[in-house]
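What follows is a short report on a single structure.
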Amino acid sequence: MYLQQSNSTSNLEKAHADNRKKRMTNSNVYTPSRLGIATKAVFSELDKLLPSQLVQTLFSVSFGFYRMMIRVLYLRFWLWALITGNERDRTRAASVFKVMPHSLVGWSGLEATYDAVLATHERGMSGSIVECGVARGGSAALMALNEARTGSNRKIWLFDSYEGLPEPSVEDLQGNETGKHIRPLPKGSCLGTIEQVSELLFDTLRLDRNNIKLVKGWFENTLPVNRTSVGTISVLRIDADWYDSVKCCLDQLYDQVEPGGYVIIDDYGSCFGAQKAVDEFLAARQLSVELVADGRGGCDFVKPG
């Protein structure tokens, strides 16, 4: 169901269109930053010289410091929006800043997620918001905070093993690499337990438990038995890294996405298997969509129809 068009709605649509134009329109073009490439090279060499556990510790400390600095630097967007009186951008920047400590997604990916949820709300779309691959819950928190702020009562479904990533398959490999990501992603990576995510959403942020459902298990087991309950979907966010996982999410849930709804693939430009699964799915369905990159490895598209 969509709202009737009005001058206000037209202005909102223009704002969404402008935000998308600011991002790259060709998600096939993704290159990690020079800092990222250098970091990967340095730690690759250190891994040959030092005990593996020590290298992992050094990487964790360095990565934590990097994330802290990125968050501090992100404040400039909030400050600029405050100075220029842009309440819409100020609210977005404040929301993204709030969840950054709980997310492995870069700020531009979080902004793209925020924009997708807000756009579907302002278009009057009533379908569920679904995330497949929750990790520590940062993106989920951002989407739920957005819904709470706008007074929406759309259901939010959060599917994850809550045990970290499974092993990649041969479909994920190009040579010995699984993608352009800087950090190695062994089994169990990107772990956020269901207890940690629940604490963030319900204790720290005090979000409504009645609107948010956490579903624990592997996608191939949980999606088929829950998709009827999920119903129509306005935003489908897939942060699953590997070919089999991304393929399963698209096969099971894409048909429930409303026309005009958003499909977000967090790892399209950074994980070989994720891109392969998406490209094969779009080709098999003969879908022509515009993949809009978020500038840090992810992309999204609007379901045609």
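The values are calculated or read from the model by the stated rules, or taken from the named source; none is laboratory data. This one's a predicted model, so the numbers in the text were calculated from it and none came from an experiment. Please note: Cβ atoms are built from the backbone with ideal geometry, for glycine as well, and neighbour counts cover all protein chains shown.
Cβ separations smaller than 9 Å between residues 6+ apart or across chains give the following pairs from region 268-285 residues that are touching a residue at least 40 places away in the same chain (Cβ under 8 Å) and part of a strand (DSSP E or B) to residues that are β-branched (Val, Ile, Thr) and buried (at least 17 other Cβ atoms within 10 Å of the Cβ): Cys271/Thr178; Cys271/Val246. Applying the condition of being under 26 Å from Glu111 (Cα atoms) and of a type in the set (A, V, I, L, M) to region 283-297 and asking which residue is farthest from the chain's Cα centre (by Cα) yields Leu287. Taken together, Arg92, Arg88 contain a single residue that is at pLDDT 90 or above, touching an Asp or Glu at 6+ places or on another chain (Cβ under 9 Å) and within 22 Å of Thr150 (Cα to Cα), which is Arg92.
For region 181-199, what are the residues that are surrounded by 13 or more Cβ atoms within 10 Å (Cβ to Cβ) and over 12 Å from Ala135 (Cα atoms)?
Of the residues in region 181-199, the ones surrounded by 13 or more Cβ atoms within 10 Å (Cβ to Cβ) are 181-185, 189-194, 196-199.
Matches in region 181-199: His181, Ile182, Arg183, Pro184, Leu185, Glu199.
State whether the residues of region 243-250 include one that is of a type in the set (D, E, K, R), in contact (Cβ under 8 Å) with a residue 24 or more places away in the chain, touching an Asp or Glu at 6+ places or on another chain (Cβ under 9 Å) and surrounded by fewer than 24 Cβ atoms within 10 Å (Cβ to Cβ). Yes, region 243-250 contains a residue that is of a type in the set (D, E, K, R), in contact (Cβ under 8 Å) with a residue 24 or more places away in the chain, touching an Asp or Glu at 6+ places or on another chain (Cβ under 9 Å) and surrounded by fewer than 24 Cβ atoms within 10 Å (Cβ to Cβ). Selection of region 153-179 for residues being assigned to a loop (DSSP other than H, G, I, E, B) and acidic (Asp, Glu) yields Glu163, Glu167.
Of all the criteria given as (1) assigned to a loop (DSSP other than H, G, I, E, B); (2) in contact with a helix residue (DSSP H, G or I) (Cβ under 6 Å, 6 or more places away or on another chain); (3) over 16 Å from Gly109 (Cβ atoms), the one not satisfied by Ala240 is (3). Of the residues making up region 213-237, those that are closer than 24 Å to Val117 by Cβ, of a type outside the set (Lys, Arg) and either more than 17 Å from the chain's Cα centre (by Cα) or not in a strand (DSSP E or B) (or both) are Val215, Phe219, Thr222, Leu223, Asn226, Thr228, Ser229, Val230, Gly231, Thr232. Among the residues making up region 80-121, those that are farther than 22 Å from Leu158 by Cα and of a type outside the set (A, V, I, L, M) are Trp80, Thr84, Gly85, Asn86, Glu87, Arg88, Asp89, Arg90, Thr91.
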